[in-house]
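The values are calculated or read from the model by the stated rules, or taken from the named source; none is laboratory data. Remember, predicted model here, so these are calculated numbers, not experimental data. Every residue, glycine among them, receives a Cβ derived from its backbone with ideal geometry; neighbour counts consider all protein chains shown. These accessible areas exclude ligands, DNA and RNA; they are computed on the full protein's heavy atoms, side chains included. Shrake-Rupley method; radii C 1.70, N 1.55, O 1.52, S 1.80 Å.
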Amino acid sequence: MIVSRFAPSPTGRLHLGHAWSAILAHDLARDAGGRFLLRIEDIDGTRSRPEHVQTIMDDLTWLGLSWDGSVVHQSDRLPAYAAALDRLREMGLLYRCYCTRAEIAAASLSAPHGAEPVYPGTCRERQDGSDRPSCWRIDMARAVAQVGALAWQDGERTIPADPPSAGDVVLARKDAPASYHLAVTVDDAWQGVTDVVRGRDLFAATHVHRLLQALLDLPTPHYHHHGLLAGEDGQRLAKRHGAPTLAAMRESGVNGRAIAADLRAGRVPNGLHTT
Ligand code: GLU
């Protein structure tokens, strides 16, 4: 049975780009008689706001989307992430990193504009501890050497995984006992997600997720990275485009099911297009 999910971070209000992603994930499961799950990715304690969770649920209902079972909150799942982290640590694949963002930015001048800089590995060989706050990073070269070549299915295509391109990513943050990469991989497996439908902006993250699946003996879902709704400048729809939030549309009396039908039919509001 197909199991898909929508996994928003409650850090702000949803807009049409999120609606598009939720509709695609929902329809993939529902059209096949499968299950559609809702997961709230709220491990980022500084940016997540509980009040957004109800708004997200109201938005989905307004669009005519229903989900199965109870809503999973990642903030309730911290012991599972800690267990996965322990396992990777016992495999000798994690190290503490004390670098600040500024230090990393200064040491990685080659980061493409807007992208997270690839960590230069400063703390990898460090023997001494420090009182400074630390995160846990994966030693990517060592991890890749353990699992060998990997691939995943993306729509109709087979994608060879290239985890080293991401560098030694963070698996447990300074302020949270997991990172997005770890939490999403552990939860997709735990919830039995067979099909991950999400925007193409998360395509690169899948190289890391595929590696973590191999290391933690977790199944690999079928991925479907979809095109994004973009503004006139060709950039992914964001607050700065002035696009109304779903909540604002709902509150002003717009019919959400009609919006969903329009998106399904490829009709996007003026000024927007799909990439
Ligand atoms: N929580 C992520 C976001 O809102 C999406 C996670 C995913 O679909 O893998 O961008």
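Please indicate, with yes or no, whether at least one residue in region 252-270 is within 22 Å of the chain's Cα centre (by Cα) and at positive phi. Taking every residue of region 252-270 in turn, none turns out to be within 22 Å of the chain's Cα centre (by Cα) and at positive phi. Would you please name the residue that is farthest from the ligand (Cβ to nearest atom), looking only at residues in region 19-29 that are open to solvent by 10 Å² or more (accessible area, probe 1.4 Å) and within 19 Å of ASP68 (Cβ to Cβ)? Looking at the filtered set, the residue picked out is ASP27. Consider ARG96 carefully, then state whether it is open to solvent by 20 Å² or more (accessible area, probe 1.4 Å), more than 16 Å from the ligand (Cβ to nearest atom) and in a strand (DSSP E or B). Yes, satisfied. Only residues that are surrounded by fewer than 22 Cβ atoms within 10 Å (Cβ to Cβ), among the acidic types (Asp, Glu) and part of a helix (DSSP H, G or I) were counted in region 30-63, giving 2. Residues in region 197-237 that are more than 13 Å from the chain's Cα centre (by Cα) and among the aliphatic types (A, V, I, L, M): LEU211, LEU212, ALA214, LEU215, LEU216, LEU218, LEU228, LEU229, ALA230, LEU237.
Let me confirm something: among VAL193, VAL170, VAL208, which residue is within 16 Å of the ligand (Cβ to nearest atom) and touching a Cys at 6+ places or on another chain (Cβ under 8 Å)?
Unique residue meeting the criteria: VAL170.
With respect to ASP175, is the statement that it is charged (D, E, K, R) and modelled with pLDDT of 95 or more true? Here the answer is no, as ASP175 does not meet what is asked. Applying the set (1) open to solvent by 10 Å² or more (accessible area, probe 1.4 Å); (2) out of contact with any Gly (no Cβ under 9 Å at 6 or more places or on another chain) to THR194 leaves exactly one unmet item: (2).
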